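A.B. asks: Just dropping this structure here.
The values are calculated or read from the model by the stated rules, or taken from the named source; none is laboratory data. Everything numeric here is computed off the predicted structure, so don't read it as measured data. A quick note on method: Cβ atoms are made from the backbone with ideal geometry, for glycine too, and the neighbour counts reach across all protein chains shown. SASA here: full protein model, heavy atoms, side chains in, ligands and nucleic acids out. Shrake-Rupley method; radii C 1.70, N 1.55, O 1.52, S 1.80 Å.
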Amino acid sequence: MNGFMDKLAEKIMPLANKLGQNRYLTVLRDAFMLSFPLTMFGSIVVVINNLPFFNDATKGILGDLFGNGQNATMSIMSVFVTFGIGYYLSESYEVEGIFGGAVSFASFLILTPFAMTLENGEKISGILSLDRLGAKGMFIGMIAAFLAAEIYCRVTKRGWQIKMPDGVPPAVTKSFAALIPAVLTLTVFLIVNAIMTGVFHANLHDVIYEVIQKPLTGLGSSLPATLLALFLVQFLWFFGLHGQIIVNSVMDPIWNTLMLDNLEAYKAGNPLPHIISKPFMETFTVGLGGSGMTLAVVILMAFVLKKKQYRDVGRLALAPGIFNVNEPAIFGLPIVLNATILIPWVLAPLVVTTINYLVMAAGIVPPPTGVSVPWTVPIVASGILATNSWLGGALQVLDFIIVGFIWYPFLRILDRQPSYDIEQ
């Protein structure tokens with residue numbers, strides 16, 4: 001068995017390492033993390049404005065008073081993501097990041113219609129619809145930001161810059177150095193927008209949304225795609241690779257877009273359109289003790305298993321596990337390359353996620369509202385905050401019990417083994 005695992009690791013690890021170190025996936029991850037403090041603030045505002053014991057009148061008043069806390073953060077996440085992509089991609093090419101971020105954001109805005117059509121058919125010009133800067137504009141924003149930053153960096157690297165003499169303040173020197181690359185980049189996007197508007201009588205926002213974003217979010221919100229992503233996370237972790245970083249770099253744009261869709265519907269008092277979203281993945285997978293939902297495993301190790309080595313690891317990992325940090329369990333049990341527990345490590349998240357999806361689809365427990373809950377919030381509290389219902393916390397408790405039942409027989413087998421040495 002160990003020989004097979006070693007051969008499999010030899011095939012998988014190089015590919016997984018390449019994905020984990022990919023320039024564009026790393027930039028995308030960092031760009032979303034740039035918006036994290038802002039979305040957290042917006043989420044807190046949404047939670048306070050919609051506490052379950054408030055009536056509709058109170059919620060309306062709070063929305064009028066504090067609604068901009070969400071409008072200026074979560075509702076315009078595409079703004080921060082596009083700027084972050086431009087900034088971090090430019091930095092990766094050793095080009096001044098602040099100008100790369102500004103050019104990427106401006107390129108996104110050039111492709112954005114500054115007009116909207118009312119329900120009665122009247123078209124109003126000179127305004128920017130909020131949804132264009134949020135969920136609906138996420139994919140066109142990412143595409144525009146990557147392309148703009150690439151063009152800007154390549155022009156800069158060619159030396160097409162205005163060089164100022166010595167003694168000129170650095171800020172002025174950098175601004176003039178960025179002038180030609182910025183003008184050329186923005187001109188490209190202006191021409192593209194002019195062609196789309198003048199020739200095709202359309203805009204790239206709607207084209208990308210219909211052709212790319214809707215199919216991808218539809219696929220990403222499905223149970224099979226979610227289970228596949230979870231399987232890959234667990235499988236990569238088994239070989240010591242950070243599965244979440246690798247898989248989430250690909251899936252986060254989809255899950256975050258679904259989160260924003262839910263948030264807009266929740267704020268408007270409409271039914272939530274999606275079950276799967278970023279808060280669903282954070283709260284009902286990572287929120288149960290970290291990757292693999294290992295809080296139940298840690299407790300079984302600490303208080304049920306007989307071997308001192310497992311009890312010690314369990315008790316050491318208990319405090320971090322409560323806050324969903326489970327590296328002590330992953331590397332202390334160990335879970336990495338431990339064939340005895342490969343089955344529960346992969347199976348438990350798939351079973352629990354399937355149950356959660358079906359329970360929410362049946363309307364027994366409400367889906368997450370779109371509020372972003374920090375992944376370090378302990379079990380029960382995170383479920384209540386994510387769904388704005390005590391049922392979310394109760395579902396987490398049920399998940400915890402199910403994970404324990406799946407893991408217990410395998411932990412007993414491990415406990416009876418004389419020792420476990422990983423072959424080198």
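A.B. asks: Filter the range 356-371 for residues that are open to solvent by less than 20 Å² (accessible area, probe 1.4 Å) and part of a loop (DSSP other than H, G, I, E, B); which is nearest to GLY393 (Cα to Cα)?
C.D. replies: VAL365
A.B. asks: Please determine, by comparing only the residues of the range 64-79 that are free of Cβ contacts under 8 Å to residues at least 40 places away in the same chain and open to solvent by 30 Å² or more (accessible area, probe 1.4 Å), which one is nearest to ARG29 (Cα to Cα).
C.D. replies: That would be ALA72.
A.B. asks: Working carefully through the options LEU236, LEU263, find the one that is buried (at least 21 other Cβ atoms within 10 Å of the Cβ), more than 22 Å from LEU347 (Cα to Cα), touching a residue at least 40 places away in the same chain (Cβ under 8 Å) and more than 13 Å from the chain's Cα centre (by Cα).
C.D. replies: After applying the criteria, what remains is LEU263.
Conditions (1) within 25 Å of PHE235 (Cβ to Cβ); (2) of a type outside the set (Phe, Trp, Tyr); (3) free of Cβ contacts under 8 Å to residues at least 60 places away in the same chain, marked per residue:
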site: PRO349; (1), (2), (3): yes, yes, no
site: PRO366; (1), (2), (3): no, yes, no
site: TRP375; (1), (2), (3): yes, no, no
site: ILE379; (1), (2), (3): yes, yes, no
site: GLY383; (1), (2), (3): no, yes, no
site: ASP399; (1), (2), (3): yes, yes, no
site: PHE405; (1), (2), (3): yes, no, yes
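A.B. asks: Regarding the range 309-326, can at least one residue be identified that is crowded, with 23+ Cβ neighbours inside 10 Å, of a type in the set (Phe, Trp, Tyr) and assigned to a helix (DSSP H, G or I)?
C.D. replies: So far as the range 309-326 goes, no, none of its residues is crowded, with 23+ Cβ neighbours inside 10 Å, of a type in the set (Phe, Trp, Tyr) and assigned to a helix (DSSP H, G or I).
A.B. asks: Continuing with the same structure: One residue is enough: does the range 48-58 have a residue meeting the conditions among the acidic types (Asp, Glu), crowded, with 16+ Cβ neighbours inside 10 Å and without any contact (Cβ under 8 Å) to a residue 40 or more places away in the chain?
C.D. replies: Restricting attention to the range 48-58, the residues satisfying the condition of being among the acidic types (Asp, Glu) are 56.
With the extra rule that they be crowded, with 16+ Cβ neighbours inside 10 Å, the set shrinks to none.
No.
A.B. asks: When ILE12 is evaluated against the numbered criteria (1) of a type in the set (Val, Ile, Thr); (2) at pLDDT 85 or above; (3) over 27 Å from THR369 (Cα atoms), which criterion, by number, is the only one it fails?
C.D. replies: That leaves (2) as the condition not met.
A.B. asks: Counting only residues that are modelled with pLDDT of 95 or more and open to solvent by less than 10 Å² (accessible area, probe 1.4 Å), which one in the range 135-152 is farthest from SER78 (Cα to Cα)?
C.D. replies: Going through the qualifying residues, I end up with TYR152.
Residue by residue, here is whether (1) crowded, with 22+ Cβ neighbours inside 10 Å; (2) among the hydrophobic types (A, V, I, L, M, F, W, C); (3) not in a helix (DSSP H, G or I) holds:
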| residue | (1), (2), (3) |
| --- | --- |
| HIS201 | no, no, yes |
| ASP206 | no, no, no |
| TYR209 | no, no, no |
| ILE245 | no, yes, no |
| SER249 | no, no, no |
